[in-house]
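Asker: Could you have a look at this structure, given as structure tokens, before my questions?
Read-outs: derived from the displayed coordinates by stated rules, not from any lab. The model shown is predicted, which means the values in this text are computed figures rather than measured ones. Ideal geometry is used to build each Cβ from the backbone, glycine not excepted, and the neighbour counts take in all protein chains shown.
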Amino acid sequence: GAGVSQSPSNKVTEKGKDVELRCDPISGHTALYWYRQRLGQGLEFLIYFQGNSAPDKSGLPSDRFSAERTGESVSTLTIQRTQQEDSAVYLCASSASGVSMHEQYFGPGTRLTVT
Amino acid sequence: AQSVAQPEDQVNVAEGNPLTVKCTYSVSGNPYLFWYVQYPNRGLQFLLKYITGDNLVKGSYGFEAEFNKSQTSFHLKKPSALVSDSALYFCAVRNTGGFKTIFGAGTRLFVKA
């Protein structure tokens, strides 16, 4: 079946512009996560959505970052007034409910470069 | 607060030798522990998990990991390394109360033929 998809795969933007990153989770997966991976570093948790519960936004680094998810489908991560330190790969993951709820399936990521 | 430490940036082993990639964690309550692998030019893949039960868990590609509660460790092991195991390995932890998952900084494994 189809995996997690993300778009765009690459995004180059000028400092100060807004960007929107998209994630399509695996169909039926109730949980969705966003992470940031800076070059040569580990994954930094940003936010997760679980069903209709309030999202855990505790990892968002500033109020320039926001994310939305419509039901159990597509999610968008928006970064306003981008800064050079926002340059990173943004990864999305989804997971199912039940016995497989702990296994996250990752998308290929969006590489964001802020010039 | 949850945290994960992978004390080695890089591990080098010869093909056919056993390998260990170390991970220690800190979490309130009981942990859920995970290993993920990132191959070059490919996305992150789930390898194995510890939720409850046997301390030794087996996963994909012949990997296994041992949960040690007293040492708060979850080291990844494989009896005989392959060149194709060369990749970036991430340990992750979550507490039983939620879904927020914290990843370690990663350990790059090089297996030499």
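Asker: Restricting to Cα pairs below 8 Å that are 6+ residues apart, what does the relative contact order work out to for chain B? Please round to a whole percent. Walk me through the numbers before you get to the answer.
Answerer: Working: 286 pairs, mean separation 42.7, N = 113.
Reported as a whole number, the value is 38 percent.
Asker: Averaged over its residues, how many other protein chain Cβ atoms are within 10 Å of peptide B:101-113's Cβ atoms?
Answerer: Numbers: counts 9, 5, 7, 2, 4, 5, 1, 1, 0, 0, 0, 0, 0.
That works out to 3 on average.
Asker: Then there is this: Across the residues of B:44-53, average count of Cβ atoms on other protein chains within 10 Å?
Answerer: If you average over the peptide's residues, the count of other-chain Cβ atoms is 3.
Asker: Specify whether the C-alpha gyration tensor of the protein assembly as shown places it in the rounded, prolate or oblate class, a ≥ b ≥ c being the square roots of the eigenvalues: rounded for a/c under 1.5, otherwise prolate if a/b is larger than b/c and oblate if not.
Answerer: Note, shape of the protein assembly as shown comes out prolate.
Asker: While we're looking at this one, here's another question. Which value, in debye to the nearest 20, gives the size of the charge dipole of the protein assembly as shown about its Cα centre, when Lys and Arg are +1 and Asp and Glu are -1 at the Cβ?
Answerer: Values: 22 positive and 19 negative charges, 38 e Å.
Dipole size: approximately 180 debye.
Asker: As an exercise, identify the trypsin sites (Lys or Arg not before Pro) in segment B:12-49 lying in DSSP coil whose Cβ has no more than 11 other Cβ atoms within 10 Å.
Answerer: Numbers: sites: B:Lys22, B:Arg42, B:Lys49; in loops: B:Lys22, B:Arg42.
Here the trypsin sites (Lys or Arg not before Pro) that fit, given the DSSP loop and packing criteria, are B:Arg42.
Asker: Using the structure shown, select from A:Lys17/A:Lys57; A:Lys57/B:Lys22; A:Lys57/B:Lys49 the pairs with a Cα to Cα distance greater than 27 angstrom.
Answerer: Details: A:Lys17/A:Lys57 22 Å; A:Lys57/B:Lys22 29 Å; A:Lys57/B:Lys49 25 Å.
As for pairs spanning more than 27 Å Cα to Cα, those are A:Lys57/B:Lys22.
Asker: Another question about this same structure. Can you tell me the relative contact order of chain A? Whole percent, Cα pairs under 8 Å, sequence separation 6 or more.
Answerer: On the way: 278 pairs, mean separation 43.0, N = 115.
So the answer I get is 37 percent.
Asker: Between B:Arg42 and A:Lys57, with labels modelled 7 Å along Cα→Cβ, what's the label distance in nm to one decimal, could you check?
Answerer: 3.7 nm
Asker: If you don't mind, another one. With a 10 Å Cβ neighbour count serving as the proxy for reagent exposure, in which order, fewest first, do A:Thr113, B:Thr101 appear? Provide the component values of the computation, followed by the final result.
Answerer: Numbers: A:Thr113 13, B:Thr101 23.
The fewest-first ordering by Cβ neighbours comes to A:Thr113, B:Thr101.
Asker: Looking at the square roots a ≥ b ≥ c of the eigenvalues of the Cα gyration tensor of segment B:17-93, which shape do they give, rounded for a/c under 1.5, prolate if a/b is larger than b/c, or oblate? Could the numbers behind the result be given before it?
Answerer: Numbers: a/c = 2.07, a/b = 1.55, b/c = 1.33.
Prolate is the answer for segment B:17-93, as a/c is 1.5 or above and a/b outweighs b/c.
Asker: Would you kindly state how much longer the chain becomes between B:Ile51 and B:Thr20 on full extension, computed as 0.36 nm times their sequence separation minus their alpha carbon distance, in nm to one decimal?
Answerer: Numbers: separation 31, 0.36 × 31 = 11.16 nm, distance 2.05 nm.
Gain on stretching B:Ile51 to B:Thr20: 9.1 nm.
Asker: In what order do B:Leu56, A:Leu46 fall by count of nearby beta-carbon atoms within 10 Å, going from fewest to most? Walk me through the intermediate numbers first.
Answerer: On the way: B:Leu56 11, A:Leu46 21.
By the 10 Å Cβ count, ascending, the order reads B:Leu56, A:Leu46.
Asker: While we're here: Trypsin sites (Lys or Arg not before Pro), restricted to segment B:60-113: which are DSSP loop and have at most 11 other Cβ atoms within 10 Å?
Answerer: In loop regions of segment B:60-113 (DSSP not H, G, I, E or B), the sparsely surrounded trypsin sites (Lys or Arg not before Pro) are B:Lys69.
Asker: While we're on this one: Tell me which residues come under 5 Å, amide H to amide H, from B:Ser86 once H is placed; ignore anything under 5 positions away on its chain.
Answerer: Here B:Val111 satisfy the definition.
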